[in-house]
Amino acid sequence: MQGLEQTIEDIKKMRIRGALDIAIAAAKAMHLVVKKDAKDTQELIKKLRSAGERLKSSRPSAVSLPNAVNYIFYIAEKNKELEIEKFREKISSEIQRFVEKQERALKKIAEIGSNLIQSGDVILTHCNSDTVNMILEKAWRDGKGIEVICTETRPRYQGIITVKELSSSGIPTTLIVDSAVHLIMRKLKVNKVLVGADTICANGDLINKIGTSQIALCAKELDIDFIVAAESIKFSPESVMGSVVEIEERDPSEVIKAEKLKDVRVLNPVFDITDARYISMIITEYGVIPPEAAYHLLKEKFGWELEL
Ligand code: RUB
């Protein structure tokens, strides 16, 4: 199992990436902190808090990360009166339960999402989402004859991971450059877009890999369903209180090596915001919801965070 420092480094360097994997890795790193030496429960809670804050600041934009850490803070606070060994036991089993819950959520979404897919569907996806891939692979295993179009996803090319995974499952898969989306949607008769999520806001807006919002605009123009797959851990309780999600900007060298261009500003924002009105539905582990229902899901599932 990875230590705290290694996990923080791996999230920063994107060796651990994708919103769900980031949340699970953070929870597992916190689990190791629970085992650390401490003279009493208070000292251990301090260590958990400091580790959690560092994990939270390792990468912005995917709310699953602060949600996972804040949940562990909440459980720790609730059990702060326990004597240290009992506290360790309780928090360890709660973290394990949390991780298992995320894994169950992923499977449930695969089941629900695959029910929405029909033989003959031509589905376009962007970047690399485990949740999306699980849906597509389940639909394929269920005997649905689908075809998938993947964007390469500049500048980090996560689309290549997607095409490798899907094609090795046997799914007919096509790779396109990001700017070919509109043309290919028409040419190959794409009838669904399916993307993952880093954050779903209370108003139903989606934060996902840069380029997602352009794809949503193309889908709207061509009357193609734009579907999002997101576990509830990706819904943002902070957005209920009006806070705005920070859009991560990464090093320009990911776009082009600095020495190749002089006196040119290179920007590298890695996520964007898709307005809720372009989203047809969101598949969650609790079922399919319209984006307008995001607030209700948040109120129901994040009562602990919102102190409702
Ligand atoms: C990944 C990305 C994915 C979501 C959902 O961005 O935008 O669509 O994180 O992924 P990056 P998952 O590569 O920058 O982390 O469904 O695996 O949680």
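The values are calculated or read from the model by the stated rules, or taken from the named source; none is laboratory data. None of the values given here were measured: they were computed from a predicted structure. We place every Cβ from the backbone using ideal geometry, glycine too, and count neighbours over all the protein chains shown. Heavy atoms of the whole protein, side chains included, go into the accessibility calculation; ligands, DNA and RNA do not. Shrake-Rupley method; radii C 1.70, N 1.55, O 1.52, S 1.80 Å.
What FRET efficiency comes out for Glu9 versus Tyr157 if R0 is 25 angstrom and r is the Cβ-Cβ distance? Round to the nearest 0.05. Could the numbers behind the result be given before it?
Values: r = 21 Å, r/R0 = 0.85.
Given R0 = 25 Å and the Cβ-Cβ separation, E is 0.75.
Between Ile84 and Glu147, how many nm apart are label points set 7 Å from Cα along the C-beta direction?
6.4 nm
At a 1.4 Å probe, what is the % contribution of carbon and sulfur to the accessible area of the chain? Write out the running numbers ahead of the final one.
Details: 7460 of 14520 Å².
Carbon and sulfur together cover 51 percent of it.
Where Rh is the Kirkwood radius over the Cα pairs of region 135-271, the temperature 37 °C and the viscosity 0.692 mPa s, what D in µm²/s does Stokes-Einstein return?
On the way: Rh = 16.9 Å.
Rounded, D is 195 µm²/s.
I need the phi-derived Karplus couplings for region 58-67: 6.51 cos²θ - 1.76 cosθ + 1.60, θ = phi - 60°, integer Hz, Gly and Pro marked x.
6, 7, x, 5, 8, 6, 4, 5, x, 4
Report the local net charge at Leu106: Lys and Arg +1, Asp and Glu -1, summed over other residues whose C-beta lies under 13 Å from its C-beta. Don't skip to the answer; put the middle values down first.
Numbers: positive: Lys101, Arg104, Lys107, Lys108, Lys138, Lys234; negative: Asp21, Glu100, Glu103, Glu111, Asp130, Glu137, Glu231, Glu285.
Surrounding charge for Leu106 is -2.
Roughly how many whole Å is it from the C-alpha centroid of region 1-43 to that of region 161-223?
Spelled out, the Cα-based centre of one part sits 31 Å from the other.
Rounded to the nearest 10 Å², what accessible area does Arg156 have for a 1.4 Å probe in the complete protein model?
90 Å²
With a 1.4 Å probe and all protein chains kept in place, how much accessible area does Met134 have, in Å² rounded to the nearest 10?
60 Å²
Quick check: Cα centre of region 232-276 to Cα centre of region 277-295, how many Å?
23 Å
Could you state the principal axis extents of the C-alpha atoms in the chain, from the largest down, to the nearest angstrom?
Between the extreme Cα coordinates on each principal axis of the chain lie 66, 51, 39 Å.
Report the local net charge at Asp37: Lys and Arg +1, Asp and Glu -1, summed over other residues whose C-beta lies under 14 Å from its C-beta. Intermediate results must be reported in sequence, preceding the final value.
On the way: positive: Lys35, Lys36, Lys39, Lys46, Lys47, Arg88; negative: Asp40, Glu43, Glu85.
Once all neighbours under 14 Å are counted, the net charge is +3.
How fast does region 4-108 diffuse by Stokes-Einstein, in µm²/s, taking the Kirkwood radius from C-alpha pairs at 4 °C and 1.567 mPa s?
Working: Rh = 13.7 Å.
My calculation gives 94 µm²/s for D.
Not counting ligands, DNA or RNA, and with a 1.4 Å probe, what is Ser167's accessible surface area in Å² rounded to the nearest 10?
60 Å²
If each of Gln96 and Lys164 carries a label point 7 Å out from its Cα toward its Cβ, how far apart are those two points in nm?
The modelled label-to-label distance comes out at 3.3 nm.
In square angstrom, what is the accessible area per residue of the chain with a 1.4 angstrom probe? Provide the component values of the computation, followed by the final result.
On the way: 14520 Å² over 308 residues.
Dividing the accessible area of the chain by its residue count gives 47 Å².
As a test of the formula, what do you get for the chain when each DSSP H run with n ≥ 4 contributes -39,500 (n - 2.57) and the sum is divided by the residue count, at 222 nm and rounded to the nearest 500 deg cm²/dmol?
Numbers: 12 runs with 144 residues, N = 308.
One gets -14500 deg cm²/dmol as the mean residue ellipticity at 222 nm.
Relative contact order for the chain: what percent, with Cα pairs under 8 Å and sequence separation of 6 or more? Numbers along the way, then the final one.
Working: 541 pairs, mean separation 53.7, N = 308.
Rounded, it is 17 percent for the chain.
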